[in-house]
Structures are given as C-alpha cells and as structure tokens.
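Engineer: What follows is a structure written as structure tokens; I'll ask about it next.
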C-alpha cells in the first residue's frame with residue numbers, strides 16, 4: 001500500500017466460520033478499526049457482514065502517519081507500518097473473538113485483499129458495491145435496514161468515524177449519493193461481480 005491512494009480492502013472468515021456472531025462483535029471490530037486504522041487511513045465506506053467485510057480507505061499522507069508513529073527512515077518501513085496496522089487489527093479482534101466464543105485458531109483468511117482504486121468512476125461504484133452488499137447477499141431488501149455499514153452514517157448528522165463530507169462531496173450531496181445507490185441497486189445482480 002502507498003500513501004495518498006484509495007484502496008478497496010476486504011477479507012472473509014476461514015472456511016465456514018463467521019467473523020461476527022453478535023452485535024457486540026460488530027461493535028468491537030469497529031472500535032478496533034478506529035484504534036488501528038484511523039491513524040493511517042481515512043475511511044470512506046465500510047460494510048460488515050457475518051462472514052466477511054468490505055471497506056474503502058484513503059491512506060493518509062506520510063506527514064499525518066508520522067505524526068502518530070514518528071519518522072520513517074525508508075519507504076519500506078512506512079509500507080511495513082501500513083500492513084502491520086491491518087495485521088494488528090485482525091490479530092486483536094481474533095484474540096478477543098476466540099476468548100469470547102471459546103474457540104482457537106485463525107479467524108480471518110490469511111492475506112487480506114486490497115485493490116487500488118485508480119478511476120473516479122470506479123470509486124463511486126466501489127462505494128455503492130460496499131453499501132449494497134447486504135442486498136446482494138440477501139440479508140436485507142432495503143439498503144437502510146443493514147445496521148453495520150456506513151450508508152446510514154453518511155446520511156446522518158450524528159458523529160461518525162467515516163469521512164462523511166468527503167463522500168458526500170464526491171457524489172455531489174446527499175440526494176445524489178442516494179440516487180447513485182438506488183441506480184446501482186437497480187442493476188443488481190447483473191453488475192454485482194465487479195471482478196473482485
């Protein structure tokens with residue numbers, strides 16, 4: 001990963017396990033996300049589902065990251081820090097989950113996936129893809145009914161860790177944000193694959 005670039009990040013549970021069993025699990029994962037990922041990245045969208053998650057992040061610039069961790073002597077050390085933050089997130093969550101649910105072993109599939117987003121059109125589609133994932137997997141029929149995504153946070157005025165204003169500016173406001181998502185929903189399932 002590199003600074004000042006957008007990445008679609010996703011991972012799923014090992015085998016047939018679930019990552020999230022209770023509301024407490026979802027909430028704890030988001031707290032750990034704040035702890036480990038907020039120092040290195042701005043979160044633009046996320047969606048947590050029982051056995052996998054998706055998010056879109058913008059990696060912060062080097063000065064912002066160094067404000068949290070100190071100067072990096074080489075670019076490789078900075079890249080290592082970025083990957084280490086995600087590894088620490090997954091490890092800390094797995095330890096807590098295993099303790100809470102009396103299980104052992106790895107929870108997440110090794111080597112989380114990250115795809116750099118390089119076009120404006122694709123950025124909009126990734127945000128909609130992330131938010132509509134619960135519809136695609138038939139957990140809900142209405143996008144507003146899935147509690148564990150950033151969709152409602154972006155439309156709300158309540159405090160959030162998501163970079164709401166950047167997302168709304170990207171789409172041109174709340175109405176345009178909602179309209180784009182509805183148009184995207186209307187294309188399901190024909191465009192749901194997105195080659196990811």
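Engineer: Among all residue pairs at least 6 apart or on different chains, which show Cβ distances below 7 Å where the first residue, located in the range 90-107, is free of Cβ contacts under 8 Å to residues at least 40 places away in the same chain and the second is surrounded by fewer than 16 Cβ atoms within 10 Å (Cβ to Cβ) and assigned to a helix (DSSP H, G or I)?
Structural biologist: Listed pairs, sorted by first residue: 104/98.
Engineer: Any residue in the range 19-47 that is touching a residue at least 24 places away in the same chain (Cβ under 8 Å) sitting within a Cβ distance under 6 Å of a residue that is outside any loop (DSSP other than H, G, I, E, B) and exposed (fewer than 15 other Cβ atoms within 10 Å of the Cβ)? List the pairs, counting only those 6 or more apart or interchain.
Structural biologist: 36/88; 39/68
Engineer: Still on this structure, please answer the following. Can you pull out the residues in the range 155-165 that are free of Cβ contacts under 8 Å to residues at least 24 places away in the same chain and either closer than 14 Å to residue 43 by Cβ or touching a strand residue (DSSP E or B) at 6+ places or on another chain (Cβ under 9 Å) (or both)?
Structural biologist: If the condition is that a residue be free of Cβ contacts under 8 Å to residues at least 24 places away in the same chain and either closer than 14 Å to residue 43 by Cβ or touching a strand residue (DSSP E or B) at 6+ places or on another chain (Cβ under 9 Å) (or both), then 159, 160, 164, 165 are the ones that fit.
Every residue, every condition in (1) part of a helix (DSSP H, G or I); (2) over 11 Å from the mean Cα position of the chain (by Cα); (3) buried (at least 18 other Cβ atoms within 10 Å of the Cβ); (4) modelled with pLDDT of 95 or more, yes or no:
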site	(1), (2), (3), (4)
7	no, no, yes, yes
15	no, yes, no, no
21	no, yes, no, no
47	no, no, yes, yes
56	no, no, yes, yes
64	yes, yes, no, no
78	yes, yes, yes, no
85	yes, yes, yes, no
88	yes, yes, no, no
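The values are calculated or read from the model by the stated rules, or taken from the named source; none is laboratory data. Model, not experiment: these values are computed from the prediction. Here Cβ is always computed from backbone atoms with ideal geometry, including for glycine, and neighbour counts include all displayed protein chains.
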